[in-house]
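A quick write-up on the structure given underneath.
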Amino acid sequence: MNDASTAHNCHSCPLNCGADRAKGPGACGVGGTEGIGDRDPYVTAFVARAARHYYEEPFISGVNGSGAIFFSGCNMKCVFCQNKDISSKITGKPVDPDELCNLMLRLQVRGAHNINLVTPTPHIELLVQAIPLARAAGLTVPIVYNTNAYEKVESLKRLDGMIDIYLPDMKYGGITAARKYSGTPNYFKVASKALLEMHRQCGKLVLDERGMAKRGVIVRHLVLPGSLDEARTVLDFIYENLPIDTQISLMSQYTPPPGMEPPLNRKLAKKEYNRIVEYALAIGLDNLLMQGLSSAVNSFTPEFDGFLE
Ligand code: SF4
């Protein structure tokens, strides 16, 4: 249970909404006591799905799949979110630290290469309790922190030593698109500092003898149609602040949800993607994982219709 020093008003993420999550949800949608039984609301999350997942980068998914735990709720409200079914509403089953620990262990028993915490940002309090429990109970696979990168450095510091692989999706490099598409104009200012902290903790990507990710940072960027300047700024930041051989995953899979306005009402053009790849290579960032445009289909989004495989 939380004591008086940690309970009450949540400031875990850059939204700083200050919600008392025992009384009701914060801006991320997480919180409140509805449906959680006698669990402690400060350390309870709803998990929409926990299953092996095959659509991450090859060194994360491997042949057995990544042990993905999809948390409900999110501290960003991206208009093009592919996981709106779980990011904008709270669904799934409640888990407290013991139950999350058990979920991790069950995924390991099923052969998952790692534990992949998807949209973990609002759940720092839960994670700092559950991860040590899982390690003590025999969890040996790496833990992946799969985040939108809209993170506070001080919250990430609480995870120092617990996370093996950071998988931040650096969404924007400027203010305009971040404000317009996600309502977070300070995104890049915040996320760039968070990325440096992730790198301080875990360093460059290290693979094991099977070619699976063991430790390090993999920087994702989803190239959005009509937003090539955003991509260039993100790449410039990596070039200027991280090792030149930082592992980058340049994603092309943007799929327009219904009702989007231009330019988000179309898929990414091949020439747009190629220009960003060429730019990365031109500035010397050649540790690039590229994605075929055929990836831009909804089948990469799992169905959130079952809890555990
Ligand atoms: S994690 Fe959720 S409750 Fe906490 S500050 Fe962020 S939005 Fe508010």
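Here is the figure for segment 69-111: residues that are in contact with a Leu (Cβ under 8 Å, 6 or more places away or on another chain), under 22 Å from residue 125 (Cα atoms) and not in a helix (DSSP H, G or I) total 5. Looking at 120, 142, just one residue is within 16 Å of the chain's Cα centre (by Cα), open to solvent by less than 10 Å² (accessible area, probe 1.4 Å) and not hydrophobic (A, V, I, L, M, F, W, C), and that residue is 120.
Applying the condition of being among the acidic types (Asp, Glu) and more than 26 Å from residue 153 (Cβ to Cβ) to segment 197-225 and asking which residue is farthest from the chain's Cα centre (by Cα) yields 209. Put simply, of 218, 238 the only residue that is crowded, with 21+ Cβ neighbours inside 10 Å and either polar (S, T, N, Q) or not in a helix (DSSP H, G or I) (or both) is 218. For first residues located in segment 104-130 and at positive phi, partners that are open to solvent by 30 Å² or more (accessible area, probe 1.4 Å) and more than 16 Å from the ligand (Cβ to nearest atom) and lie 6+ apart or on another chain with Cβ distances below 7 Å form the pairs 111/64. Pairs linking a residue in segment 254-265 that is surrounded by 14 or more Cβ atoms within 10 Å (Cβ to Cβ) to a residue that is basic (Lys, Arg), with Cβ atoms under 7 Å and 6 or more positions apart or on different chains, are 254/267; 255/267; 256/266; 256/267. Against the numbered list (1) under 21 Å from residue 157 (Cα atoms); (2) within 16 Å of the ligand (Cβ to nearest atom), residue 97 comes up short only at (2). Going through (1) at negative phi; (2) within 16 Å of the ligand (Cβ to nearest atom) one by one, residue 149 falls short only on (1). Residues of segment 182-207 that are without any contact (Cβ under 8 Å) to a residue 24 or more places away in the chain and in contact with a helix residue (DSSP H, G or I) (Cβ under 8 Å, 6 or more places away or on another chain): 185 alone. Run down 29, 67 and say which single residue is more than 16 Å from the ligand (Cβ to nearest atom) and more than 20 Å from residue 170 (Cβ to Cβ). From the options 29, 67, the qualifying one is 67.
The values are calculated or read from the model by the stated rules, or taken from the named source; none is laboratory data. Just so you know, these numbers come straight off a predicted model, no measurement behind them. FYI the Cβ positions are ideal-geometry reconstructions off the backbone, even for glycines, and counts take in every protein chain you see. Protein only, heavy atoms only, side chains kept; ligands, DNA and RNA dropped before computing areas. Shrake-Rupley method; radii C 1.70, N 1.55, O 1.52, S 1.80 Å.
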